[in-house]
Amino acid sequence: MTFSDKTMYPVASINDKDFRNLTDTYLDAVFNPLVLEKEEIFLQEGWRYEEDLKDQSIKYNGIVFNEMKGAYSSPDRMLINQIKGALYPDNSYGMDSGGNPEYITSLNYEDFKKYHQEYYHPSNAYFFLYGKLDILDFLNYLNQEYLSNFTFNNVNYEIPLQKNFEEIKNVKGVYGINKEQGEENKTYLSKNFVTGKITDKKEVLSFMVLERVFFDVTGSELKKRLMNAEIAEEIDGFYYTVGQQPFFTFLARNSEEKHFNTFQGIVNEYLEELVNDGIDEELLTGALNTLEFRLRENALSPGKGINYAQSVMNSWLYSDNPVMFLSFSEEIAELREDMKKGWFEKLIKKYFFDNKHAANVVLLPSPGLEERKSEIVKEKLEKIKNEFTEEEKNQLKIKNEKLQKYQTEEDTPEKLECIPVI
């Protein structure tokens, strides 16, 4: 499970032996991966130059490279990337954790290994155990089999906070559509605000409530006003809590750039009315009830161990309190009282009117963009191929032959015996 600032490896089983087997498989893969010894795995899973025998050209190939090329065909993915890039220009939250295919091919094998050894290291690992197991025995096993094989890595893994902006940003991005498609009503309009820190539990729960008030309740007033203005085919919004600085988004899908001022005006007018006149108490109560039900539902779901693990990481990674988000009754009760005292209205004013750490992001359709990108890549590869020395050509041939052999050879009986069974 890949996030902007962490990778999680959930392992679960109702069988003790199976659980230990799975744990061994994952821990061995994380801390002792074969990719550190075999470049063929990097070439297969990451990226490589591949000869095209038909026209004697070269092309890029690789599982992750191809997956991310596919992901970048999604306008929603492109919008999120543009929003995060605009709001967090100075730290890793502005980057795509899956990898931008345009830059994946600049990663070399040696840098990949160095990155893995620095960051996928026990010194940077957090272990979460849940269920009916002997925790001390399990921790002893983790230490003896894995952790004791490493020395402490004295690296500062902390991600710096993005500094607040002095002015709201205005950003435009593009996404590809087919040349045959029309550009009409294919623009995305969004208003985005960084809203404090993830470790401010009360504010986090409050924005979860506001998300429901604005977008989820039946007959949402904001959605109704925006739809009545006939500026977009779909109105949406969300509260994004991945990372230590969450953001809140107001979104109009399938619109036109010329409608942005109308979109912004309606959103601002609605929010201003809420600040001045107050939010309907019945509406807030309903949203609070829904949130509380969903939080309790998560605690009872079959996958609650993973839910707990993700909740723990939402605070543990940025504070010394790993259990912050495992309880919520006290805060919900406090919000029920505070909503009568203008708490939510003050929050709206603080973050949607007095807050400059924000970005207006417009995503425009671009017919034939992917074709133009492909042509640029083709020209780039042609130039690279022409500049290859004879030695580099031989090395490329040897690497691809080794990869082909690796992919086609059968595992030995000794290797197969390494796979644990119950």
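Annotations
- Gain on full stretching of the segment that runs from SER329 to LYS405 - 0.36 nm per residue minus C-alpha separation: 21.5 nm
- Rounded to the nearest 0.05, the FRET efficiency derived from the C-beta distance between LYS179 and TYR103 at R0 = 30 Å is 0.70.
- Pairs exceeding 32 Å between alpha-carbon atoms, taken from LYS163/LYS349; LYS6/LYS356; LYS186/LYS346; LYS224/LYS304; LYS114/LYS397; LYS132/LYS163: LYS186/LYS346; LYS224/LYS304; LYS132/LYS163.
- Computed over segment 129-286, the P(r) curve from all C-alpha pair distances, binned at 5 Å from the origin, holds 1, 7, 12, 14, 14, 12, 10, 7, 6, 6, 6, 5, 1 percent per bin.
- Result for the chain in a Gaussian network model with C-alpha springs under 10 Å: among GLU145, GLU51, GLU391, the largest mean-square fluctuation is at GLU391.
- Range of Cα positions in the chain per principal axis (Å), largest first: 73, 61, 37
- Computed over protein heavy atoms with a 1.4 Å probe, the carbon and sulfur contribution to the accessible area of the chain reaches 49%.
- Available extension along the chain between ASP277 and ASN66 is 70.8 nm, counting 0.36 nm per residue and deducting the alpha carbon span.
- Note on GLN264/GLU414: beta-carbon distance plugged into 1/(1 + (r/R0)^6) with R0 of 51 Å gives a FRET efficiency of 0.20.
- log10 of Debye I(q)/I(0), alpha-carbon scatterers only, for segment 18-148 at 0.09, 0.13, 0.16, 0.17 Å⁻¹: -0.42, -0.79, -1.02, -1.07
- The chain: angle of helix 16-31 to the longest principal axis, Cα-based, in degrees nearest 10: 80 degrees
- Rounded tilt (10° steps) of 201-211 against the dominant C-alpha axis of the chain: 70 degrees
- Cα-based Rg and Dmax for segment 124-186, where Dmax is the largest Cα-Cα distance (Å): 24.9, 63
- Reach of LYS179 by Cα under 17 Å, taken over lysines that are not fewer than 8 positions away in the same chain: LYS373
- Label positions at ASN394 and ASN156, each projected 7 Å from the Cα along the C-beta direction, are separated by 4.7 nm.
- When each of the peptides 61-73, 308-320 is scored by how many other beta carbons lie within 10 Å of its residues on average, the order from highest to lowest is 308-320, 61-73.
- If only the Cβ of Lys and Arg carry +1 and only the Cβ of Asp and Glu carry -1, the dipole of segment 1-154 around its Cα centre is close to 320 debye.
- Of all lysines in the structure, the ones whose alpha carbon falls short of 24 Å from that of LYS415, not counting any fewer than 8 places away in one chain, are LYS17, LYS38, LYS113, LYS399, LYS402, LYS405.
- In this label model, ARG296 and ASP18 are separated by 3.2 nm, measuring between points 7 Å along each Cα→Cβ vector.
The values are calculated or read from the model by the stated rules, or taken from the named source; none is laboratory data. What you see is a predicted model, and the numbers here were worked out from it, not measured in a lab. Because the Cβ atoms are built from the backbone with ideal geometry, glycine has one as well, and the counts that use them run over all protein chains shown. Accessible surface areas use protein heavy atoms only, side chains included; no ligands, DNA or RNA. Shrake-Rupley method; radii C 1.70, N 1.55, O 1.52, S 1.80 Å.
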